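The values are calculated or read from the model by the stated rules, or taken from the named source; none is laboratory data. What you are looking at is a predicted structure, and each value in this text was computed from that prediction instead of being measured. Counting neighbours? That spans all protein chains shown, and the Cβs are built from the backbone with ideal geometry, glycine included. Surface accessibility is based on the protein's heavy atoms, side chains included, excluding ligands, DNA and RNA. Shrake-Rupley method; radii C 1.70, N 1.55, O 1.52, S 1.80 Å.
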There are 4 protein chains.
Amino acid sequence: MTMAAPADLAQFLERLTSDIHAMDQWGRVADYIPELARIDPAQFGIAVALADGQMLQAGQAGQRFSIQSISKVFSLACVLGRIGEQIWSRVGREPSGDRFDSILLLEQEKGRPRNPFINAGALVVTDELLTGRTPQQALAEVLGFIRAAAEDPEIHIDKAVAASEAETGHRNKALAHYLRSFGNLRNDPDWTLGTYFHHCAIEMTCVQLARAGRFLAHLPEAPAMLSPAKLRRLNALMMTCGHYDGSGNFAFRVGMPAKSGVGGGLLVIAPGRASIGIWSPGLDAWGNSQMGTLAAERLADFTGWSVFG
Amino acid sequence: MTMAAPADLAQFLERLTSDIHAMDQWGRVADYIPELARIDPAQFGIAVALADGQMLQAGQAGQRFSIQSISKVFSLACVLGRIGEQIWSRVGREPSGDRFDSILLLEQEKGRPRNPFINAGALVVTDELLTGRTPQQALAEVLGFIRAAAEDPEIHIDKAVAASEAETGHRNKALAHYLRSFGNLRNDPDWTLGTYFHHCAIEMTCVQLARAGRFLAHLPEAPAMLSPAKLRRLNALMMTCGHYDGSGNFAFRVGMPAKSGVGGGLLVIAPGRASIGIWSPGLDAWGNSQMGTLAAERLADFTGWSVFG
Amino acid sequence: MTMAAPADLAQFLERLTSDIHAMDQWGRVADYIPELARIDPAQFGIAVALADGQMLQAGQAGQRFSIQSISKVFSLACVLGRIGEQIWSRVGREPSGDRFDSILLLEQEKGRPRNPFINAGALVVTDELLTGRTPQQALAEVLGFIRAAAEDPEIHIDKAVAASEAETGHRNKALAHYLRSFGNLRNDPDWTLGTYFHHCAIEMTCVQLARAGRFLAHLPEAPAMLSPAKLRRLNALMMTCGHYDGSGNFAFRVGMPAKSGVGGGLLVIAPGRASIGIWSPGLDAWGNSQMGTLAAERLADFTGWSVFG
Amino acid sequence: MTMAAPADLAQFLERLTSDIHAMDQWGRVADYIPELARIDPAQFGIAVALADGQMLQAGQAGQRFSIQSISKVFSLACVLGRIGEQIWSRVGREPSGDRFDSILLLEQEKGRPRNPFINAGALVVTDELLTGRTPQQALAEVLGFIRAAAEDPEIHIDKAVAASEAETGHRNKALAHYLRSFGNLRNDPDWTLGTYFHHCAIEMTCVQLARAGRFLAHLPEAPAMLSPAKLRRLNALMMTCGHYDGSGNFAFRVGMPAKSGVGGGLLVIAPGRASIGIWSPGLDAWGNSQMGTLAAERLADFTGWSVFG
């Protein structure tokens, strides 16, 4: 559990990148969003923001990718900052034991999604974000939050990806109408869906993602975005629910709070120590980045950053 | 996140005990095991084993209680020590999103229980423990493990409780036969059930439980029971699956790996810092100790021991 | 099992009507379609079209009501007439064991609805009806079919009811998008939904409904709408799936193929003997007409028309 | 729909038997009961008891086979005769939409099985049969009922088959304990299971089965076993629930009440016209006799005996 020196860590990241390319087991890119289906899976990048302010990086850490579900962490952070604990009357805090877009549990639980990181739950959070705001204003809020957290104004939405989802995202549309039928969506489903598709379509690099996550790790240099108590709770949710029905496995293998996206991104938090952005677009059977998860596991083994000792 | 001095902590534990008695919201004792149904819910004890070897305690920390599902941590530790990762071919590592004794997911997942802490999973672990052993030998192994971990030979099985469950535990019998029908139980269901009912009927005090958990917190004075890598993984499982379908909520509120039992016990691990035994027999809606969970939350707030920063 | 003479039957229908008013146990009108929520539940009408061409009636047999799901029988009849057995590749023929608008089984069965009489299945049938047609043409086809079967041009769509559902039918919208996400909806969900809401909003009287059902009973005077083999199969589907998760109970109590609608209508078929239209808008716990079901049961007892001997 | 003369029907049955052998598509024998797994699937027999007292037969109509789930009709008939409608407080009357031995719905519906023909429901019926009787007496009652219905004392239990199930029937054991955990099993699960396994192990020929079913068809020569009202209801249950999750399909294809067993037997009822025993041990995907179902469909087409006109 002694911490590796940054120099060693930089070397480790280079070796990890080579190892992953040598393994050549990239998984498959998500094919349900046409714009994402064309991406070459054989890519990998990693960036580590350390407590002392250093940023280590390796591979394609400067390549932009679609953060997709990782955006759910930031939209939830906005809502927690704005209305706090009230959000839990509309969405639960339990792992779902189900796929990210399952509609099953939603029926059993009368329209209250299991947690804010499955799609139904994220739609409710987005819907809350729209209270008293237009979609444009709500998007500006999420984007502003991320830019402030990363201290980087050059973070944007890829409109082609948003449009691609808007055209094909029938399962999300089904979830939105279903939530509405239970009275757990307050805005026009098309507004909520449009806002949701757009914040999922935010593009970032590994470096930007690692910077944006520093506040979650409560790093000394990070901008203060949320109270420490809220940060802890957000990390707890990432630990138990951050990877859909692969969350238990990720906690078991890696031991750090994290959130994945179907674009192949991964934001991993080592509380007090580091914020890590990883990207590799090939996915495993649960829809999480295959090589990204492996990289997180190796990093945890090397650094001893597991929160479990 | 600075650590409280032991003297302050001792005071805090006393105050916590008074507060809990003053609140007078004890929950209901488990009524499906007749021997446990008669216990007065208005009881509370807590013991904290610290890294420096000190043991702080308050309330009824010396009162024996039935550890029930907390025993699943120790039987899993025995199996991990003996056969290691092979056990995961028979049982998963994902939160269940379901009650502790649900049979639903077992059908959907073809007889491979979701995780080792729901009853079906614990039956599989117990069944593995019986490989090459009689029930007496397997029980001796679990009990021996706990006594060694606690460095205390005075830990016993309450045979009246074991007999009470053997008579009334029809749902566990159903689970055992169901596992057998999928070929995921190798021994006579009655052997596996008998062994399971007996290790659940182990009696401990909060002090004994805190001592027995020190190895999980990897405390300097603790006997070495498992490799650090296995400890981390056991803690990860406790974090994501330790409280049935209330696991996400516990992680959110407390932020430490823990395991509850329907006897009202709670073993909470602060990696590197402390092992905590709590007991209050009144349960909440998920079957976890109502005041025990509150005590764990208050303790986490006071000490800053959440693993999430 | 000897058949009652028409004179006796006419007397029976009058007595039945009085009895039902005397019982004063009307159930509750459907409240999820605002236009239907305002109807007084204390109403009852019945019309019996006999094999000899006679039409017996009692109570409010001439009052128009919204046929709602009864329209599913006629839209399915259109599709069976047009493409025949091919429809079964898109929808099953098994009772659902679930509510009429459940989305649960749809997920388990990968987007192939259990049967054509639950909402998801009826949407697929409507979608098939739209192949090579505009919504206007498809609606004209269903309406034309019903008018031809009833030999009555005065059957219309209540546009206020259709509009009321279009505004509030979020669960049906969810089902449509969900089907689309599995590729089991070929048209724009809004087209399919619009067509569906409109054919459900057809208004008929008990007399018109009894006349429209004569072909299903294969009565000598009825217009030939489908081959006898197809009629038998349509009746079989009405028997096993005609009342959602109350179908088994209806078969048990009444013993005749029938289809209910949430408007309180009921079309009951006594093969070779009679076609019966019943209306009473108060519903039971399964969403079927409470007094309508009772009337069908009493009629079966009086006439011996149960198909089960 | 005019009825075929017996002479034509006899010829038809011979031709049907040859056709089925020529098709050579027998399905697979049930393999979960070792004693049944060894049977050659390439066998077929049929016997038709007509209203005029004639018995037509073809193929191996005199070969004994294990009636298995067909016995559920007779045990339910005994219970209906003895306690009548009270049984419905313990078991429902709805198709299950699930496999014959599913435990899923049982959890959702709090231990009240969906219908008396899925295994859980049949266990409840058997348990009711044991009220005030020993297993020996209860078995004597069922066997006595069948012998009286068939007017044939030479119907026996195959004890090797009963013993084979008792050893391997873990899923039924799970169901029994599960029912017990909900308080919906009154006797020792082993008693109920033993009685159940034994009545399922009754051996009959097609001719005996056809004779035993005459009372269900209310044939003039049949012994009176139940009131006409109860007969109708038993037939309704066979129509909606007689073939597990293939019941809708059977009703659609054949249009007659029937009950299948995993031994490959099929009892089909043409109310007022005939009682039909069929046997072919190869099963289809739903666990129903593959060639038996085809034979029933062809027979319905030939005779016009569908109850649906």
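Descriptive notes on the structure:
- Count of the range D:141-181 residues, restricted to those that are open to solvent by 50 Å² or more (accessible area, probe 1.4 Å), within 24 Å of residue D:217 (Cα to Cα) and either within 12 Å of another protein chain (Cβ to nearest Cβ) or free of Cβ contacts under 8 Å to residues at least 60 places away in the same chain (or both), is 4.
- Failed condition for residue C:76, given (1) in contact with a Pro (Cβ under 8 Å, 6 or more places away or on another chain); (2) open to solvent by 10 Å² or more (accessible area, probe 1.4 Å); (3) of a type in the set (A, V, I, L, M, F, W, C): (2)
- If the condition is being in contact (Cβ under 8 Å) with a residue 40 or more places away in the chain and open to solvent by 10 Å² or more (accessible area, probe 1.4 Å), then the range A:37-49 contributes A:39, A:40, A:41, A:42, A:43.
- Residue ID - nearest to the chain's Cα centre (by Cα), chosen from residues in the range B:280-305 that are open to solvent by 20 Å² or more (accessible area, probe 1.4 Å) and aromatic (Phe, Trp, Tyr): B:286
- Flag: residue D:46 matches the condition of being in contact with a Cys (Cβ under 8 Å, 6 or more places away or on another chain) and either within 24 Å of residue D:208 (Cα to Cα) or not in a loop (DSSP other than H, G, I, E, B) (or both).
- Within the range B:183-193, the set of residues being closer than 14 Å to residue B:120 by Cα and either touching an Asp or Glu at 6+ places or on another chain (Cβ under 8 Å) or touching a residue at least 40 places away in the same chain (Cβ under 8 Å) (or both) comprises B:183, B:184, B:185, B:186, B:192, B:193.
- Of everything listed in (1) in contact with a Pro (Cβ under 9 Å, 6 or more places away or on another chain); (2) open to solvent by less than 10 Å² (accessible area, probe 1.4 Å), the single unmet condition for residue B:126 is (1).
- For the range C:221-270, a residue qualifies if it is assigned to a loop (DSSP other than H, G, I, E, B) and within 8 Å of chain D (Cβ to nearest Cβ), and the qualifying residues are C:255, C:257.
- For the range C:274-304, filtering for residues that are assigned to a loop (DSSP other than H, G, I, E, B) and more than 11 Å from chain D (Cβ to nearest Cβ) leaves 7.
- Any hit, the range A:122-139, residues being within 14 Å of chain C (Cβ to nearest Cβ) and either free of Cβ contacts under 8 Å to residues at least 24 places away in the same chain or not hydroxyl-bearing (Ser, Thr, Tyr) (or both): yes
- The one condition from (1) more than 13 Å from chain A (Cβ to nearest Cβ); (2) in contact (Cβ under 8 Å) with a residue 24 or more places away in the chain; (3) open to solvent by 10 Å² or more (accessible area, probe 1.4 Å); (4) not basic (Lys, Arg) that residue B:118 does not meet is (1).
- Residue A:247 vs. criteria polar (S, T, N, Q), under 20 Å from residue A:6 (Cβ atoms) and out of contact with any His (no Cβ under 9 Å at 6 or more places or on another chain): no
- Of all the numbered requirements in (1) within 12 Å of another protein chain (Cβ to nearest Cβ); (2) modelled with pLDDT under 95, residue C:91 misses one, and that requirement is (2).
- Condition check for residue B:55: open to solvent by 50 Å² or more (accessible area, probe 1.4 Å), more than 19 Å from residue B:200 (Cβ to Cβ) and at pLDDT 95 or above: yes
- Residue within the range B:198-216 that is within 10 Å of another protein chain (Cβ to nearest Cβ) and touching a residue at least 24 places away in the same chain (Cβ under 8 Å) present: yes
- Condition check for residue D:98 on (1) under 21 Å from the mean Cα position of the chain (by Cα); (2) modelled with pLDDT under 90; (3) more than 8 Å from every other protein chain (Cβ to nearest Cβ): one failure, at (3).
- A single member of B:146, B:118 is at pLDDT 95 or above and not acidic (Asp, Glu), and it is B:146.
- Only one of the numbered conditions (1) open to solvent by less than 70 Å² (accessible area, probe 1.4 Å); (2) at negative phi is violated by residue B:27, and that is (2).
- Criterion (open to solvent by less than 10 Å² (accessible area, probe 1.4 Å), closer than 21 Å to residue B:8 by Cα and within 17 Å of the chain's Cα centre (by Cα)) met by exactly one of B:264, B:277: B:277
- Scan of the range B:182-193 for residues that are within 25 Å of residue B:66 (Cα to Cα) and either buried (at least 21 other Cβ atoms within 10 Å of the Cβ) or at the interface with chain D (Cβ under 8 Å from one of its Cβ atoms) (or both), ordered by number: B:189, B:192, B:193
- Selection within the range D:198-227: residues that are in contact with a Phe, Trp or Tyr (Cβ under 7 Å, 6 or more places away or on another chain) and under 14 Å from residue D:48 (Cα atoms). The member of this set that is surrounded by the fewest Cβ atoms within 10 Å (Cβ to Cβ) is D:222.
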